[in-house]
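First the structure, in the form of structure tokens, and then the observations on it.
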Amino acid sequence: MKKFFGDTVKIIPGFAFAAAIAAVSRFIESLLPVHIIGASVIALFLGMIINSFFRPKWLAAGLKFTSKKVLKFAIILLGASLSVNVILSVGKLSLMVMVFTLLTCFGGGYFIGRALGLDWKLSNLISAGTGICGGSAIAAIAPVIDAEDTDIAYAMSATFLFDMAMILLFPIMGRALGLSDMAYGLWAGTAVNDTSSVVAAGYAYSEAAGDFATMVKLTRTLSIIPTVLVFTFVNIRLKARSGIRESGKKVNIMSLFPWFIVGFLVLAGVNSAGLTPAGISSAAKAVSKFLMVCALSAIGLNTSFGDMKKSGIAPMLHGFIISALVVIVAIGVEWVMGLV
């Protein structure tokens with residue numbers, strides 16, 4: 001009991017500091033006239049800036065707890081806001097485009113990452129951020145594959161930079177192509193990364209385009225579920241192989257499984273079955289989003305700009321190529337479907 005209270009006291013300062021940065025980030029987000037930058041990105045960069053000037057050792061335990069344990073709990077709660085029923089409200093139209101963009105991100109991302117000499121974890125975090133839903137997908141997959149904080153920060157930075165460009169360029173390109181509101185909404189919803197950026201790019205075109213882009217984005221977010229499962233088993237297999245090589249003994253697979261994913265899947269299943277009251281689902285989503293911002297502020301505080309510089313330009317180049325390919329593939333599939 002004494003040890004429990006001692007560990008708790010060590011954790012509180014770091015968690016409180018990360019939560020304070022998260023609260024400030026949410027406040028800054030609320031002040032923006034157009035929500036083009038999410039609180040997660042703001043928290044990450046605030047943390048990195050503060051880390052350049054202020055990082056006392058007494059924050060270390062709490063920041064580690066927040067970036068690891070709190071992030072996992074946030075992902076569990078995220079499950080309560082995901083429902084496969086959303087797919088039915090958008091239809092097969094968006095699913096066709098989404099399948100091809102996801103194949104482009106993870107299939108093309110694999111070969112591009114290898115060609116650029118990137119670690120597979122960083123490469124797939126960038127692909128997940130580009131293909132699914134920016135920061136949320138990166139945060140959900142990172143603990144499953146045991147990604148480093150610098151990998152998370154770099155992946156978030158890459159998706160953020162290209163999101164900013166897409167918000168400005170998409171309405172211009174959409175009008176140049178003469179896209180209908182539905183065609184543009186489908187394009188923006190499947191090719192722009194973060195939810196805030198999808199909303200900004202969608203409504204910059206028209207209200208109808210913004211509404212449809214947001215619905216498509218909700219459907220796209222659901223691909224977190226199978227993606228997390230796939231990466232869970234990929235990482236387990238890689239760990240098992242590594243363990244066998246190092247020790248020469250058979251590795252217990254169950255000990256390698258990230259059990260927080262079970263909670264995530266259970267809550268997603270319960271919500272999909274319509275058993276979660278709307279109020280509880282909404283509250284779980286709000287708490288999940290805030291805790292995720294707390295975790296990303298802690299990750300920022302654990303990451304320095306110097307660490308990111310060591311990775312060079314290759315990750316940004318990876319993000320640019322994947323983002324460009326997704327934009328082209330998404331509009332290409334729409335053209336084949338006769339929507340353009």
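Read-outs throughout are calculated quantities, based only on the coordinates presented, and are distinct from any laboratory measurement. Fair warning: this is a prediction, and the values are worked out from it, not measured in the lab. Cβ atoms come from the backbone with ideal geometry, glycine included; neighbour counts cover every protein chain shown.
Considering only K239, K57, K217, the mean-square fluctuation computed in a Gaussian network model of the chain, springs between alpha carbons under 10 angstrom, is largest for K57. With a cut-off of 13 Å between beta carbons, the residues surrounding I138 carry a summed charge of -4, where Lys and Arg count +1 and Asp and Glu -1.
Rounded to the nearest whole Hz, the Karplus-based 3J(HN,Hα) values (6.51 cos²θ - 1.76 cosθ + 1.60, θ = phi - 60°) of segment 291-301 follow the sequence 5, 5, 5, 4, 5, 6, 5, 5, 4, x, 5, with x at glycine and proline. Here the 3J(HN,Hα) profile of segment 196-209, calculated from phi with Karplus coefficients 6.51, -1.76 and 1.60 at θ = phi - 60°, is 4, 6, 4, 4, 5, 5, x, 6, 5, 8, 5, 5, 5, 5 Hz, Gly and Pro shown as x.
Distance from the Cα centre of segment 143-218 to that of segment 286-340, in angstrom? Using only Cα atoms to place each centre, the spacing works out to 11 Å.
Could you tell me the ratio Rg/Rh of the chain? Both radii from Cα atoms, Rh via Kirkwood.
With Rg and the Kirkwood Rh in hand, the quotient comes to 0.97.
Here is the list for segment 270-326: trypsin sites (Lys or Arg not before Pro) lying in DSSP coil, each with at most 12 other C-beta atoms within 10 angstrom of its C-beta, are K310.
In the chain, the DSSP-assigned H stretches of four residues or longer account for a calculated mean residue ellipticity at 222 nm of -24000 deg cm²/dmol, using -39500 (n - 2.57) per stretch and the full residue count as denominator.
Which links in K72/K309; K289/K309; K68/K239; K10/K285 stretch past 23 Å when you go from one Cα to the other? Flagged as over cut-off: K72/K309; K289/K309; K10/K285.
Would you look at the GNM of the chain, springs on alpha carbons closer than 10 Å, and say which of I236, I132, I76 moves the most? Result: I236 has the largest fluctuation of those listed.
Coupling constants for segment 268-278 follow from the phi torsions by the Karplus curve (6.51 cos²θ - 1.76 cosθ + 1.60, θ = phi - 60°), and in residue order they are 5, x, 5, 5, 5, 7, x, 8, 9, x, 4 Hz; glycine and proline get x.
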